[in-house]
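Notes for the one structure printed next.
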Amino acid sequence: MPIVRFIREGRDVKCRTGENLREIALREGMQLYGFKGSIGNCGGCGQCITCFVSIESENQGALSPVTEIEKIKLKNRPHTWRLACQSIVKSSVVVLTRPQSPPANSEKLIEDALIKGLPK
Ligand code: FES
């Protein structure tokens, strides 16, 4: 059973292979959206570009491949960013929610999150 490690929230969440990352985050009560997305989002259709996450683990195959929508919408964003609503969990992954406004100690949080091992 994969684990999604939410860095900002300091939580490891078990999920099923094939679950949608946005749905996992919302189910677990994570604050996935910044201000704009919290007052209005597309509900997971890949249109509002407000469900950014940064994938910090190196396992590129942990999520489904970048979708055509993401290729367009994330064109000028860091290569580690994904849209949570377009991302299907295939194996354990380390995620930073709302990377557009990272916590002040984000480098340390990311480093600590990556040091701890993840199940496959
Ligand atoms: S929820 Fe709108 S792009 Fe992901």
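Just for region 49-69: of the residues that are over 24 Å from Leu109 (Cα atoms) and within 9 Å of the ligand (Cβ to nearest atom), which one is surrounded by the fewest Cβ atoms within 10 Å (Cβ to Cβ)? I'd like the intermediate steps shown before the answer.
Taking region 49-69 and keeping what is over 24 Å from Leu109 (Cα atoms), we get 49, 64-69.
Within this subset, residues satisfying the condition of being within 9 Å of the ligand (Cβ to nearest atom) are 49, 69.
Numbers: Ile49: 18, Ile69: 15.
Among residues in region 49-69 that are over 24 Å from Leu109 (Cα atoms) and within 9 Å of the ligand (Cβ to nearest atom), the one surrounded by the fewest Cβ atoms within 10 Å (Cβ to Cβ) is Ile69.
Taking the stated definitions as given, is Ala25 among the aliphatic types (A, V, I, L, M) and at pLDDT 95 or above? Steps first, answer last, please.
On the way: among the aliphatic types (A, V, I, L, M): yes; at pLDDT 95 or above: yes.
So Ala25 passes the test.
Could you list, in sequence order, all residues of region 28-44 that are within 10 Å of the ligand (Cβ to nearest atom), modelled with pLDDT under 95 and open to solvent by 10 Å² or more (accessible area, probe 1.4 Å)? Working first, answer last.
Initial filter on region 28-44 (within 10 Å of the ligand (Cβ to nearest atom)): 32-33, 37, 40-44.
Then drop every residue that is not modelled with pLDDT under 95, which leaves 37, 40.
Scanning region 28-44 gives a single hit, Gly40.
I'd like the full set of residues that are in contact (Cβ under 8 Å) with a residue 40 or more places away in the chain and part of a loop (DSSP other than H, G, I, E, B), limited to region 104-119.
Passing the criteria: Lys116, Leu118, Pro119.
Quickly run through region 72-91 and pick out the residues that are out of contact with any Gly (no Cβ under 9 Å at 6 or more places or on another chain), away from the ligand (no atom under 13 Å from the Cβ) and open to solvent by less than 60 Å² (accessible area, probe 1.4 Å).
Thr80
Quick check on this structure: which one of Val66, Val13, Val89, Val53 is in contact (Cβ under 8 Å) with a residue 60 or more places away in the chain and not aromatic (Phe, Trp, Tyr)?
Working: Val66 fails: in contact (Cβ under 8 Å) with a residue 60 or more places away in the chain; Val13 fails: in contact (Cβ under 8 Å) with a residue 60 or more places away in the chain; Val53 fails: in contact (Cβ under 8 Å) with a residue 60 or more places away in the chain.
When all the criteria are applied, what remains is Val89.
The values are calculated or read from the model by the stated rules, or taken from the named source; none is laboratory data. Computed from a predicted model, the values in this text were never measured in an experiment. Here the Cβ is made from the backbone with ideal geometry for all residues, glycine too, and neighbour counts use every protein chain on show. SASA here: full protein model, heavy atoms, side chains in, ligands and nucleic acids out. Shrake-Rupley method; radii C 1.70, N 1.55, O 1.52, S 1.80 Å.
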